[in-house]
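Notes to accompany the following structure.
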């Protein structure tokens, strides 16, 4: 998986690129939380649920259904985010799903349960270019440093480019 910091790159790039009139600050903050939520599944280890279980790491919480549920629940708070229901739904769905798509680009683990509940199969992207981040205390190690470097190249750089392109493409804010 990319690090916690890598998963917030997508909402930051989109939010900065489109600007606060399109993605209000409160929606952006929610958008930074959405892509972090799937990794709460690591709590399953505490309960003895194995990684390979559909309820384990990269299982249910890494599915399109999970992103859909998060987005659907968020539309009840759309006024809090100072955005329309549609904008709240699509922004939070896409940034939450971005977590799964980034994890599918990593070179470790068992893949992501993208299509759950239709399938319990785990998937990887055709290109597995992101160095998987170590889980737990091993983050502050050589392997963790290599993962961060990989993330800068394969997550932060492309997200920065997207943010700049969106910024350059938007109409001047008044």
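Could you rank the peptides 23-34, 160-171, 102-113 by their average count of other C-beta atoms within 10 Å per residue, with the highest value first?
Descending mean neighbour count gives 102-113, 23-34, 160-171.
On a 0 to 90 degree scale, rounded to 10, what angle separates helix 85-104 from the longest Cα axis of the chain?
Here the helix axis deviates by roughly 30 degrees.
Helix 9-18 against the longest principal axis of the chain: what's the angle in degrees, Cα atoms only, rounded to the nearest 10?
Helix 9-18 sits at roughly 10 degrees to that axis.
Could you calculate, for the chain, the ratio of the Cα radius of gyration to the Kirkwood radius, expressed as Rg to Rh?
Ratio of gyration radius to Kirkwood radius for the chain: 0.99.
Between residue 72 and residue 54, what is the label-to-label distance in nm when each label sits 7 Å out along the Cα-to-Cβ direction?
Taking the simple label geometry, residue 72 and residue 54 are separated by 1.7 nm.
Report, to the nearest 10°, how far helix 64-74 tilts away from the longest principal axis of the Cα atoms in the chain, using its own Cα long axis and a range of 0 to 90°.
Rounded to the nearest ten degrees, it is 40.
Would you calculate a helix-derived [θ] at 222 nm for the chain, using -39,500 (n - 2.57) for each DSSP H run of n ≥ 4 and dividing by the full residue count, to the nearest 500?
Numbers: 7 runs with 77 residues, N = 174.
It lands at -13500 deg cm²/dmol.
May I ask you to derive the FRET efficiency for residue 47 and residue 107 from their Cβ-Cβ distance with R0 = 30 Å, giving the value to the nearest 0.05?
0.65
Treat the count of other C-beta atoms within 10 Å as a stand-in for reagent exposure and order 93, 5 from fewest to most.
Going from least to most buried by this count: 5, 93.
Using per-residue counts of other Cβ atoms within 10 Å, averaged over each peptide, order 56-62, 78-84 from highest down.
Highest mean packing first, the order is 56-62, 78-84.
So if R0 is 25 Å, what FRET efficiency would residue 21 and residue 160 give, r being the distance between their Cβ atoms, rounded to the nearest 0.05?
E(calc), rounded to 0.05, equals 0.75.
Between residue 120 and residue 80, what FRET efficiency follows from the Cβ-Cβ distance if R0 is 41 Å, with the result rounded to 0.05?
Here the calculated transfer efficiency is 0.75.
The numbers here are math on the coordinates, done by the rules we state, and not lab data. Just so it is clear, the structure is predicted and the values come from calculations on it, not from any experiment. Please note: Cβ atoms are built from the backbone with ideal geometry, for glycine as well, and neighbour counts cover all protein chains shown.
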